[in-house]
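Have a look at the structure below, then the notes.
The values are calculated or read from the model by the stated rules, or taken from the named source; none is laboratory data. It should be emphasised that the depicted structure is a prediction, and the values quoted were computed from it without experimental measurement. Every residue, glycine as well, gets a Cβ built from its backbone with ideal geometry; the counts of neighbours run over all protein chains shown.
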Amino acid sequence: MGDDVDLLARLRAGDGAALTQLVGRHHRWLMHAAVSMTGSRELAEDAVQDTWVSVLRGLTAFRGDSSLRTWMFRILVNEVHSGQRRERRSEPTIARSARIQVAMGDGLDSGWEDAVDERISANATARRLSALLPRLPGAQRDAVVLHDIEGLTNDAVASCLGVSVGYERVLLHRGRARLRSLLRDDSTMTRGGSVTPLRDRSSVLVEEGNAHPSTTEPTMTERTQTQTIDETKLEQLMHQMVGYMTGGAICFAIWIGDELGFYRVLAGGEPMTAQQVATATGCNERLVREWLDGQAAGHLIDYDPLHDVYRLSAEEAAALAEEDSPAFVARAMNALGSFFLDADKVMEAYRGDGALAWGDHHPCLFSGTEWLFRAGYRSMLPGWLAAIDGLDATLRRGGSIADVGCGHGASVVVLADTYPNATVTGIDNHAASIEVARRRAEEAGVDDRSSFLVADSRSYDGNFDLICFFDCLHDMGDPVGAARHAREHLTEDGVVMLVEPFALDGRATNMVDNPMSALFYTASSAICAPNSLSQDVGLALGAQAGEERLSAVMSEAGYSTCRRVAETPMNLILEARA
Ligand SMILES: C[S@@+](CC[C@H](N)C(=O)[O-])C[C@H]1O[C@@H](n2cnc3c(N)ncnc32)[C@H](O)[C@@H]1O
């Protein structure tokens, strides 16, 4: 890095020899990584060439936040992903697969490894790994290549891929696990000459983003006709189903545990008997004991069988009892409750035109949404705002903010609290939510600088230094119209902040690589898309649009720039300027 700093200084000073040195130092690494990612020398050369062009163009903008090598890898990853280079992959080299084998080694399950070892040499396994590498979903493959082959640290890989370190580890873990399972299936085919289970084939197709099965693959109808039950897979699926059912039941129990105050009486950390919990909450002892046993069995509450007492650890209290903790999630279960309470209305929408307005849901959706997002806004929103160039200073002096689709106003309270000199206008077309938002502002003592308006996102007046959309643009019937209206109501240097549910670009990738996607797609199908379909235009963008699609919406609405300022496992945070 020290040498690179010197090289950079010389390059910026126009020293031609420095460029030759830079290329000499980094070209080989870049090529190696590019071949690994594309699986083809020809495509890699293309990508690296483009990378050098971007590197030279961007040298003056490089601020040294990461090492030069990491910065260049990041550009390379973008170059590899842009265009259709990946469509023409060929086999990667064996040497690199051998290194993945080492990286995967600690996680190999000994049973199948032994079996593999009996039959094939390590070299042959390496060759098979090479062939399987391109079958990993894009982000997982990039993480494996950059970490296990190129030897980048977790931090550097995260930086290259533009994801958090935690998420990079998830990608790496999944990539290795996927490779292991592909290798295992591959072994089954080699050994017994049997056919790869049909379910696996279809999942590979989905993961590769290939919506059109190749001619050698069976069609969906053929699969259905020839499908036989694999008992092991069925058993795994049943385990998964039990997990989902348990999760659903536990969410219900958390919901009523919060409502009835069970967690709060246990929050002090003192062990309590079922009778004590029942007495303290005025509830039926027999039912309370049953509930407590369910919580202990679900590992949410600790149980001491010797003394027959229950206790909430500090971590459990943070998630389940303490409203102001950044981990508090218990009350968000209201939103899950609304799925079941509104099932009839949602099914009516499915059978009809798809429309179900936000305001027609059970009110527990509104409070569940408030509590789902509130903790995150309180702990992270000031940081997101500070990441937007120049905005923090403007709002500290004063300025004006509009929070469009503000719901119960959790974000309005944080904005008004963070910027006491600014004014905040909360806007929502759902009158009942605005009523609660007004109350929340009073309770928080920020009603002197906040005001509220029942209005559609395309109908408010005034000019604002900041216009925010918190988890709501995708809910709107006309997100482009709402974004355009916001652009027309920005001050000269005004900015739009868009907070949307986290999603990866590309539906197939998102389904496989985004651990939140099952929850978000499900919520979207029951709440977000139906609300959008109930409004004018009815775009039904969906809660899993992803950065690329959201940027396209902003561009269509006339914004000149749209960039990601932050991300969490829950949210993508974008900044757009007119
Ligand atoms: C998922 S909630 C998010 C609420 C709040 N921003 C939060 O993060 O807690 C979506 C909100 O968007 C509002 N909304 C939907 N369509 C709207 C529209 N066309 N104009 C104004 N508000 C709208 C709904 O009423 C609802 O309060």
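Could you please find all residues in region 332-346 being over 21 Å from the mean Cα position of the chain (by Cα) and not acidic (Asp, Glu)?
Asn334, Gly337, Ser338, Phe339, Phe340, Leu341, Ala343, Lys345, Val346
Looking only at region 341-361, filter to residues that are of a type outside the set (D, E, K, R) and away from the ligand (no atom under 14 Å from the Cβ); which one of those is surrounded by the most Cβ atoms within 10 Å (Cβ to Cβ)?
Only one residue fits best here, namely Ala349.
Which residues, counting only those in region 298-321, are assigned to a helix (DSSP H, G or I) and within 12 Å of Glu270 (Cα to Cα)?
The answer is Ala314, Ala317.
Of all the residues that make up region 138-155, how many are in a helix (DSSP H, G or I) and surrounded by fewer than 22 Cβ atoms within 10 Å (Cβ to Cβ)?
2
How about region 470-513: which of its residues are part of a helix (DSSP H, G or I) and either over 17 Å from Val553 (Cβ atoms) or more than 15 Å from the ligand (Cβ to nearest atom) (or both)?
Within region 470-513, Arg487, Glu488, Arg507, Ala508, Thr509, Asn510, Met511, Val512, Asp513 qualify.
Does region 57-73 hold any residues that are surrounded by fewer than 17 Cβ atoms within 10 Å (Cβ to Cβ) and either in contact with a Pro (Cβ under 7 Å, 6 or more places away or on another chain) or at pLDDT 80 or above (or both), and which are they?
Matches in region 57-73: Arg57, Gly58.
Which of (1) surrounded by fewer than 19 Cβ atoms within 10 Å (Cβ to Cβ); (2) within 31 Å of the chain's Cα centre (by Cα) is the odd one out, the single condition Glu442 does not satisfy?
Every listed condition holds for Glu442 apart from (2).
Within the bounds of region 383-400, is there any residue that is within 16 Å of the ligand (Cβ to nearest atom) and in contact with a Lys or Arg (Cβ under 9 Å, 6 or more places away or on another chain)?
No, that holds for no residue.
I want to confirm something. Restricting to region 401-428 and keeping residues that are over 21 Å from Gly383 (Cβ atoms) and among the polar types (S, T, N, Q), which single residue is nearest to the ligand (Cβ to nearest atom)?
Restricting to residues being over 21 Å from Gly383 (Cβ atoms) and among the polar types (S, T, N, Q), the top hit is Thr425.
Among the residues of region 518-532, write down those that are near the ligand (Cβ under 9 Å from one of its atoms) and without any contact (Cβ under 8 Å) to a residue 60 or more places away in the chain.
Correct list: Cys528, Ser532.
Each row is one residue, and each column tells you yes or no for (1) out of contact with any Leu (no Cβ under 9 Å at 6 or more places or on another chain); (2) at pLDDT 95 or above; (3) closer than 30 Å to Ala143 by Cα.
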| position | (1), (2), (3) |
| --- | --- |
| Val446 | no, yes, no |
| Leu453 | yes, yes, no |
| Asp456 | yes, yes, no |
| Val496 | no, yes, no |
| Phe502 | no, yes, yes |
| Asn510 | no, yes, yes |
| Met516 | yes, yes, yes |
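Can you run down the residue pairs with Cβ atoms below 7 Å, 6 or more apart or on separate chains, where the first is in region 357-374 and assigned by TED's automatic domain parsing to the domain that holds Cys472 and the partner is buried (at least 22 other Cβ atoms within 10 Å of the Cβ) and among the charged types (D, E, K, R)?
Trp358/Asp475; Phe373/Asp471
Look at Gly368 and say whether it is at pLDDT 95 or above, within 20 Å of Met570 (Cα to Cα) and within 12 Å of the ligand (Cβ to nearest atom).
When the stated conditions are applied, Gly368 passes them.
Of the residues Leu205, Leu171, which is modelled with pLDDT of 80 or more and not assigned by TED's automatic domain parsing to the domain that holds Met511?
Leu171
Identify the residue in region 533-578 that is free of Cβ contacts under 8 Å to residues at least 40 places away in the same chain and either part of a helix (DSSP H, G or I) or within 14 Å of the ligand (Cβ to nearest atom) (or both) and, among all such residues, is farthest from Phe373 (Cα to Cα).
My answer is Ser555.
Could you check Asn421 against (1) over 30 Å from Asp360 (Cβ atoms); (2) buried (at least 22 other Cβ atoms within 10 Å of the Cβ); (3) touching a Gly at 6+ places or on another chain (Cβ under 7 Å) and say which number it fails?
Evaluating Asn421 over (1) over 30 Å from Asp360 (Cβ atoms); (2) buried (at least 22 other Cβ atoms within 10 Å of the Cβ); (3) touching a Gly at 6+ places or on another chain (Cβ under 7 Å) leaves (2) as the failure.
Just wondering, is there one or more residues in region 332-340 that are exposed (fewer than 15 other Cβ atoms within 10 Å of the Cβ) and out of contact with any Pro (no Cβ under 8 Å at 6 or more places or on another chain)?
Yes, there is a match, as at least one residue in region 332-340 is exposed (fewer than 15 other Cβ atoms within 10 Å of the Cβ) and out of contact with any Pro (no Cβ under 8 Å at 6 or more places or on another chain).
Each row is one residue, and each column tells you yes or no for (1) touching a Phe, Trp or Tyr at 6+ places or on another chain (Cβ under 8 Å); (2) in contact (Cβ under 8 Å) with a residue 60 or more places away in the chain; (3) of a type in the set (Asp, Glu).
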position	(1), (2), (3)
Ser379	no, no, no
Leu385	no, yes, no
Ile388	no, yes, no
Ser400	yes, yes, no
Gly409	yes, no, no
Asn421	no, no, no
Ile427	yes, no, no
Glu442	no, no, yes
Ser451	no, no, no
